[in-house]
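Below is one structure, written out as C-alpha cells; the observations come after it.
The values are calculated or read from the model by the stated rules, or taken from the named source; none is laboratory data. Predicted model, so just to flag it, every value in this text is computed and none were measured. A quick note on method: Cβ atoms are made from the backbone with ideal geometry, for glycine too, and the neighbour counts reach across all protein chains shown. Note: accessible area is taken over every heavy atom of the protein model, side chains too, but ligands, DNA and RNA are not part of it. Shrake-Rupley method; radii C 1.70, N 1.55, O 1.52, S 1.80 Å.
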Amino acid sequence: NAGVTQTPKFRVLKTGQSMTLLCAQDMNHEYMYWYRQDPGMGLRLIHYSVGEGTTAKGEVPDGYNVSRLKKQNFLLGLESAAPSQTSVYFCASSSRDSLSGANVLTFGAGSRLTVL
Amino acid sequence: GIQVEQSPPDLILQEGANSTLRCNFSDSVNNLQWFHQNPWGQLINLFYIPSGTKQNGRLSATTVATERYSLLYISSSQTTDSGVYFCAVRSGRRALTFGSGTRLQVQP
C-alpha cells in the first residue's frame, strides 16, 4: 500500500518552460489537494478536488492548473514557469467527511521544483 | 479566511525535556489537525482533534474550541522529535489552513 505518490521528486526548469506534477493515491480517497511550501512558511493551498472531474481554487491558484480525470490521480500543471514558483510541492488526499467531520490528510513525500 | 498562529516559532530543547506548542485560530473550526514534518520533509499526521484531549505515547493534544486554541504537549523529548510541527484548521466547508509552524530542535 503506497499511500500518496508524487512524481517527479526533483525538477529544474527554465523560466517559461511547462511541466506537470503527478499525484497518485491508492486509498480510494475522494478529496485531493496540492499545497506549496516555501522556506520558513506553512503550507499554502493551490488547488483542490472533492471528486473525480471536479477542481476548485485554493489560496494561491495563479499560474497553476489542475485536472482530476481519474479518482486516483491529481495533476498540477505549470504552463509557463516563473522563478516565484520555486518551491516544494506537496500533494495530499483524504476521505470524504464523515458525520463527525473527520477529514485526516495523508501527504506525499513532496516534489522540489526549481525555476531558473 | 481563518487565521492560524503558532507559537513559539522556534524551540530548542535538551533531550528528556518537556514542551508545549500552541495554536491559536481566529474562527470556529470543525477540523483541527497537528502534523510533524521530519528533517527529510515528510509530513505525518499526529492528531485529528477539533475538540477535547487525545494522547498517543509521549504526545498529547488538547483543543479548547470555545477559546479558539489548541496545545500540543511533547514529554520526555527525543532527538527524533526534531522537525517542524504544524497546526491546520478548517472552518466551514473550506480546505485546511496551515499555520507557519514551530521548528523544534532536540539536542542530545
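Can you report the number of residues in the range B:21-41 which are in contact (Cβ under 8 Å) with a residue 12 or more places away in the chain, surrounded by 15 or more Cβ atoms within 10 Å (Cβ to Cβ) and not aromatic (Phe, Trp, Tyr)?
Going through the range B:21-41 one residue at a time, the tally reaches 11.
The conditions are (1) surrounded by 14 or more Cβ atoms within 10 Å (Cβ to Cβ); (2) at pLDDT 90 or above, and A:Val50 fails exactly one of them. Which is it?
In the conditions (1) surrounded by 14 or more Cβ atoms within 10 Å (Cβ to Cβ); (2) at pLDDT 90 or above, A:Val50 misses (2) alone.
Can you confirm whether B:Trp34 is under 26 Å from A:Ser87 (Cβ atoms) and modelled with pLDDT of 95 or more?
Considered against the rule, which asks whether it is under 26 Å from A:Ser87 (Cβ atoms) and modelled with pLDDT of 95 or more, B:Trp34 comes out as yes.
Across the range B:63-90, what is the number of residues that are out of contact with any helix residue (DSSP H, G or I) (no Cβ under 7 Å at 6 or more places or on another chain), open to solvent by less than 30 Å² (accessible area, probe 1.4 Å) and either over 30 Å from A:His47 (Cβ atoms) or within 14 Å of chain A (Cβ to nearest Cβ) (or both)?
Residues in the range B:63-90 being out of contact with any helix residue (DSSP H, G or I) (no Cβ under 7 Å at 6 or more places or on another chain), open to solvent by less than 30 Å² (accessible area, probe 1.4 Å) and either over 30 Å from A:His47 (Cβ atoms) or within 14 Å of chain A (Cβ to nearest Cβ) (or both): 13 in total.
Are any of the residues in the range A:16-23 part of a strand (DSSP E or B), of a type in the set (S, T, N, Q) and under 30 Å from B:Val4 (Cα atoms)?
No, that holds for no residue.
Looking at the range A:25-44, can you tell me whether even one residue there is more than 14 Å from chain B (Cβ to nearest Cβ), among the small types (Gly, Ala, Ser) and open to solvent by 40 Å² or more (accessible area, probe 1.4 Å)?
No, every residue in the range A:25-44 fails to be more than 14 Å from chain B (Cβ to nearest Cβ), among the small types (Gly, Ala, Ser) and open to solvent by 40 Å² or more (accessible area, probe 1.4 Å).
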